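Peer 1: My structure is below; once you've seen it, I'll send some questions.
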Amino acid sequence: MRTRHVGAATLAALTALTLAACGGGDVGGGDGGDGGDSSDGGGDSIKIGIKFDQPGLGYQDGSEYTGFDVDVATYVADKLGYSEDQIEWVEAPSANRETMLQTGQVDMIFATYSITDERKEQVAFAGPYFVAGQDLLVAEDNSDITGPETLEGKNLCSVTGSTSAQRIKDEYAEGVQLVERPGYAECVTALTAGQVDAVTTDDIILAGLAGQDANKGKVKVVGNPFSEERYGVGLPQDNEVCEDVNSAIQEMIDDGSWEEFVMSNTEGTGYEPNADQNPPTPDACA
């Protein structure tokens, strides 16, 4: 079991936060108590929202959860005093994240959750813990596509309802042909089958897709990001743990864990995070 680093005050604050959001009851359905070590019989848990369908970031395979967001969340939870077996992973679809925090369905969210002013009106953020950028995934042997401006006349795949592909059409390549699929895995299938020329979304999401065994050696991330997506830890607006989460993020960066998590989850993809923006410095808590 991992070592605890934060005392009872922080744990009590997080517990009180969840109780208030849920209108009573125990954190994660636990037995209550003072947030003590589970080896001492404590039943407290922490509910963390992640994606279940993003390889390399937040991915569920049976009872196993893997990815960069999962590693970062596990590290932060440890610094807040929660061991790995006290984490309850909850699927956090993009459209539901604000509601999940507002209604106490989760205590915090690590799910490629970009910090924006609009979202800050509904929830709070710690971090960022990573800065991604919209990029392109192409065939491994492709040398023609080097950025969004080289997509004129090409077929570009993105997920139905996504703004990523439309951004390229509006700002970079008016003649690009947009192809929609229900999920990014389907876009990659279309890419490897030669039905589209490129796939677009955040670069680290593309790296996770490229890192899957079925795709290794077939596709690559172009490595020319053209947006800034600052991934934060989603928290309820009325919280007392933002500073502690930021401290954990900074410690993760300082002790080398951040770099280890990035490398282990993007290994073999050719992906490298933007060095001018990563690792980021967490914003001051509002």
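All of the numbers you see were taken from the coordinates with simple rules; none came from a lab. Note that the coordinates shown come from a computational prediction; the quantities given were computed from them, not determined experimentally. In this analysis, Cβ positions are derived from the backbone assuming ideal geometry, glycine residues included, and neighbour counts consider all displayed protein chains.
Peer 1: Can you sort 108, 100, 263 by how many other beta carbons sit within 10 Å, fewest first?
Peer 2: 263, 100, 108
Peer 1: So, one more: DSSP loop GluC sites (Glu not before Pro) in the stretch 180-267 with at most 13 other Cβ atoms within 10 Å of their Cβ, which ones?
Peer 2: 228, 267
Peer 1: Given the pairs 169/216; 120/220; 79/120, which span a C-alpha to C-alpha distance of over 30 angstrom in this model?
Peer 2: From 169/216; 120/220; 79/120, over 30 Å: 120/220.
Peer 1: Could you tell me which of rounded, prolate or oblate describes the stretch 153-286, using a ≥ b ≥ c as the square roots of the eigenvalues of the alpha-carbon gyration tensor, with rounded for a/c under 1.5 and, failing that, prolate when a/b is larger than b/c and oblate otherwise?
Peer 2: Prolate, because a/c is 1.5 or more and a/b exceeds b/c.
Peer 1: Also: I need the phi-derived Karplus couplings for the stretch 125-137: 6.51 cos²θ - 1.76 cosθ + 1.60, θ = phi - 60°, integer Hz, Gly and Pro marked x.
Peer 2: Whole-Hz 3J(HN,Hα) from phi for the stretch 125-137: 9, 9, x, x, 10, 7, 10, 9, x, 4, 8, 10, 10.
Peer 1: Output ³J(HN,Hα) for the stretch 252-265: one whole-Hz value per residue in order, computed from phi by the Karplus curve 6.51 cos²θ - 1.76 cosθ + 1.60 with θ = phi - 60°, and x for Gly and Pro.
Peer 2: Rounded to whole hertz, the list is 4, 5, 5, 8, x, 5, 4, 4, 4, 5, 4, 5, 5, 9.
Peer 1: With a cut-off of 8 Å between alpha carbons and a minimum separation of six or more residues, what is the relative contact order of the stretch 134-221 in percent?
Peer 2: Averaging sequence separation for qualifying contacts and normalising by length gives 41 percent for the stretch 134-221.
Peer 1: If I model a spin label as a point 7 Å beyond the Cα along the Cα-Cβ vector, how far apart are those points for residue 85 and residue 257 in nm?
Peer 2: Result: 1.9 nm between the two label points.
Peer 1: So, in Å, what gap is there between the alpha-carbon centers of the stretch 213-243 and the stretch 271-285?
Peer 2: 10 Å
Peer 1: Now, a different point. What percent of all Cα-Cα pairs in the stretch 134-221 falls in each 5 Å bin, counting up from 0?
Peer 2: Distribution as computed: 3, 17, 30, 29, 16, 4, 1 percent.
Peer 1: Show me 93-99, 121-127 ranked by packing, highest mean number of other Cβ atoms within 10 Å first.
Peer 2: 121-127, 93-99
Peer 1: Among residues other than residue 150 whose Cβ falls under 11 Å from its Cβ, what is the net charge (Lys/Arg +1, Asp/Glu -1)?
Peer 2: Counting the neighbours of residue 150, the net charge comes to -3.
Peer 1: Also, I was wondering about something else. Tally Lys and Arg at +1 and Asp and Glu at -1 over the other residues with C-beta under 10 Å from the C-beta of residue 60: what net charge comes out?
Peer 2: Net charge around residue 60: -3.
Peer 1: Of all DSSP beta bridges in the stretch 134-221, what percent run antiparallel (nearest 5)?
Peer 2: 50 percent
Peer 1: Quick one: length gained pulling residue 120 to residue 174 fully straight, 0.36 nm per residue minus the C-alpha distance?
Peer 2: 16.2 nm
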